[in-house]
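See structure below.
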Amino acid sequence: MNRYPVIIDCDPGVDDAIAILLAKQLPMLDVKAITAVAGNVGLEHTYPNSHKILHVAEWDVPVYAGAEKPIVGEKITAASIHGADGLGGMDVPGAVIKPAPEALAWDVIYEEAKKAEGELVLIAVGPLTNVAVALAKYSELPKLIKRIVIMGGGATYGNTTPAAEFNIFADPEAAEMVFQSGIPVYMVGLDVTMQCFLTPEEVEEVGALGSKQAKFFRDVLQNVLAFSLSLGLPGVALHDPAAVLYAVEPELFSGEEAGVHVECKGKITRGKTVTDLYSDAQFEKNAYVVTGVDRTAFVKRVKELMAQY
Ligand code: RIB
Ligand code: CA
């Protein structure tokens, strides 16, 4: 098995939490660190939430704090969906929140990239501020990162505005820096993550596996599941878990190479990932946009991984 070094950059966040639970059960991922960024909720929650989730997962991974706000523009949150604390108010008894280390997320990304000698993979499932700061601070970083798998964007629609998906809308300038960095970017956007949903019955089936982690999976999803159903959706989209599974098992998914730019100036379109997927006019190819998934296989893998707890 070709295990490879990974950093998970996230803004936990309910689906980030599920992504971390799954990542522990994927032996190919040699997770060197979790780096927290402001996103779904402020860094004052996303940093401790990272520790809480690792406590639930019974997984010892170093956690580092990163950006408290976007590079440009005002900070936004998705607290209305993820809860004021970012985990739907879930209590995680016994979790030990270690003080944030001196080293900041962008420095850790660089240090681990140097150590990995070009083999480091970033899985970024929140706003891309930490990655962009790392790129701005360390000019040689693009040569040291093998690829970046992001949950973010969408070729056809948004979820925070009609044009923009949350992670991109939260920091469009950071996202554009990442897409234009020269590092291969794998965009796991709404086009595919909205297909990666679990129905209420499937969420219950995971909970019925009976472990502490499986019950946490079921319980932490309840509010977002209810919100999704209230919109008429068939279930809860596992956005961030889709990016983690894509990173390890791309055969469950489909997509194609594309040119992607992030609109940073638009009044109505700010934060839109503009792709040339459906256009005669083509950009230079800088990304792979994931657009399809075998949902049955996706759900089966989620259950199998959770059954390992
Ligand atoms: O649009 C979905 C994304 O925004 C997910 O990463 C979710 O956690 C939020 O950060
Ligand atoms: Ca996220």
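The values are calculated or read from the model by the stated rules, or taken from the named source; none is laboratory data. A quick note: this is a predicted structure, and the numbers were derived from the prediction, not measured. Positions of Cβ are generated from backbone atoms using ideal geometry, with glycine treated the same way; all protein chains shown enter the neighbour counts.
In segment 163-195, of all residues being more than 15 Å from ligand 1 (Cβ to nearest atom) and more than 16 Å from the chain's Cα centre (by Cα), the one that is nearest to Val293 (Cα to Cα) corresponds to Pro184. Selection of segment 103-131 for residues being of a type in the set (A, V, I, L, M) and within 16 Å of ligand 2 (Cβ to nearest atom) yields Ala105, Leu122, Ile123, Ala124, Val125, Leu128, Val131. The condition (being small (Gly, Ala, Ser), over 26 Å from Ile7 (Cα atoms) and either in contact with a Gly (Cβ under 8 Å, 6 or more places away or on another chain) or free of Cβ contacts under 8 Å to residues at least 40 places away in the same chain (or both)) is satisfied by just one residue among Gly189, Gly207, Gly266, Gly259: Gly207. Contact map, segment 152-168: first residue closer than 14 Å to Cys264 by Cβ, second residue within 11 Å of ligand 1 (Cβ to nearest atom) and polar (S, T, N, Q), Cβ cut-off under 9 Å, separation 6 or more or different chains; pairs are Gly153/Asn167; Ile168/Thr160. Which one is nearest to Val131 (Cα to Cα), of the residues in segment 1-53 that are free of Cβ contacts under 8 Å to residues at least 40 places away in the same chain and within 16 Å of the chain's Cα centre (by Cα)? Among those residues, the one meeting the criterion is Ile34. From the list Ile53, Ile97, Ile81, the one residue that fits, being over 14 Å from Gly39 (Cβ atoms) and within 16 Å of ligand 2 (Cβ to nearest atom), is Ile53.
Check whether at least one residue in segment 37-53 is more than 14 Å from ligand 1 (Cβ to nearest atom) and in a strand (DSSP E or B), and report yes or no. Walk me through how you get there before you give the answer.
Step one: of segment 37-53, the residues more than 14 Å from ligand 1 (Cβ to nearest atom) are 44, 47-48, 51-52.
Narrowing the set further to residues that are in a strand (DSSP E or B) leaves none.
For segment 37-53, residues more than 14 Å from ligand 1 (Cβ to nearest atom) and in a strand (DSSP E or B): absent.
Residue-wise test of (1) more than 19 Å from the chain's Cα centre (by Cα); (2) modelled with pLDDT under 95; (3) not hydroxyl-bearing (Ser, Thr, Tyr); (4) not in a strand (DSSP E or B).
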| position | (1), (2), (3), (4) |
| --- | --- |
| Leu209 | yes, no, yes, yes |
| Ala214 | yes, no, yes, yes |
| Ala226 | yes, no, yes, yes |
| Gly232 | yes, no, yes, yes |
| Ala242 | no, no, yes, yes |
| Ser254 | no, no, no, no |
| Gly266 | yes, no, yes, yes |
| Thr269 | yes, no, no, yes |
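Only residues that are closer than 16 Å to Met151 by Cα and in a loop (DSSP other than H, G, I, E, B) were counted across segment 170-189, and they come to 5. Taking the criterion of being crowded, with 24+ Cβ neighbours inside 10 Å and part of a loop (DSSP other than H, G, I, E, B), the residues of segment 104-153 that qualify are Val125, Gly126, Pro127, Leu128, Gly152, Gly153.
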